[in-house]
Amino acid sequence: MSNETNPSRKDTPAGASPASAPCPSCSRSPHRARRAPGHLAAPRRPALAAVLALALGGAACSGIDAGVEYPGDLPEPDRYLLTPENGADPSLTLGEFKIGPETCGGIDTHPVTQRLSPDDLTRFLEAQGAGNIAPKLARSNLYWFDFPARDGSFVRLRLAVLEDARRATQDLHDALLQHGPGWWGVRRSNLAVLAPKASLREAVAFAIKYKLVCWGMFTYAGNDDAYVVPGPYAEL
């Protein structure tokens, strides 16, 4: 997925320079795995200052501010969430919740394996009553979907068409790490959708409002990696 992100707000030209730089990319697998603690050799003195500088820089690292205001009429997500063990009242913290099945009542959430086009998302949004949110071609494999926000502005989601599900998974994972904490997205088969920075609560609420959590697998960029939140739609 390209780094030419263009989520826009009212009176702001598409492609405006971001307010801050993204966190450095990391090379972890797109499938989140916790590593067991290990023992590291103490750094040599000449390298110690560099290690401390990197640690301080990482602590202050934040995702690119896309200058986007999400809609003010988003639903409260709590009633749609469960603990990983299917309990009630989960903490809205990465790793502590999943999307409950009632969120997608009446929606077919069987996994899709065939190659899809952007029209798949367009048809899905229309079926959910979201109106005609038609894709805008950015280049050969990249499309923009503009969702209405506040005062005539919009939230721009970026859809990339990849060759297969594996490449789409890697593409979304890499894009989230490049843009930094707070960026999120969904993936369905060979389609990878990237959304601008939001709090976890705001991102989940937006994805629930438009049923994106029923269309694809929801992924959110944390401080150290990108996390897939379990939900009704899942692919192996």
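Observations on the structure shown:
- Candidates are the residues of the stretch 78-126 that are in contact with a helix residue (DSSP H, G or I) (Cβ under 6 Å, 6 or more places away or on another chain), among the aliphatic types (A, V, I, L, M) and assigned to a loop (DSSP other than H, G, I, E, B); the one that is farthest from residue 198 (Cα to Cα) is 107.
- The residue that is nearest to the chain's Cα centre (by Cα), among those in the stretch 214-224 that are modelled with pLDDT of 95 or more and more than 18 Å from residue 91 (Cα to Cα), is 217.
- When restricted to residues that are surrounded by 13 or more Cβ atoms within 10 Å (Cβ to Cβ), free of Cβ contacts under 8 Å to residues at least 40 places away in the same chain and not β-branched (Val, Ile, Thr), the stretch 101-126 contains 1.
- Take the conditions (1) modelled with pLDDT under 95; (2) of a type in the set (A, V, I, L, M); (3) within 20 Å of residue 221 (Cα to Cα); (4) buried (at least 17 other Cβ atoms within 10 Å of the Cβ); residue 149 misses just one of them, which is (3).
- Residues that are assigned to a loop (DSSP other than H, G, I, E, B) and over 19 Å from the mean Cα position of the chain (by Cα), drawn from the stretch 134-144: 134, 140
- Filter pass, residue 132 being touching a residue at least 40 places away in the same chain (Cβ under 8 Å), more than 17 Å from residue 71 (Cα to Cα) and surrounded by fewer than 23 Cβ atoms within 10 Å (Cβ to Cβ): no
The values are calculated or read from the model by the stated rules, or taken from the named source; none is laboratory data. The structure presented is a predicted model; accordingly, all values stated were derived computationally and were not measured. Note that each Cβ is placed from the backbone with ideal geometry, even for glycine, and that neighbours are counted across all protein chains shown.
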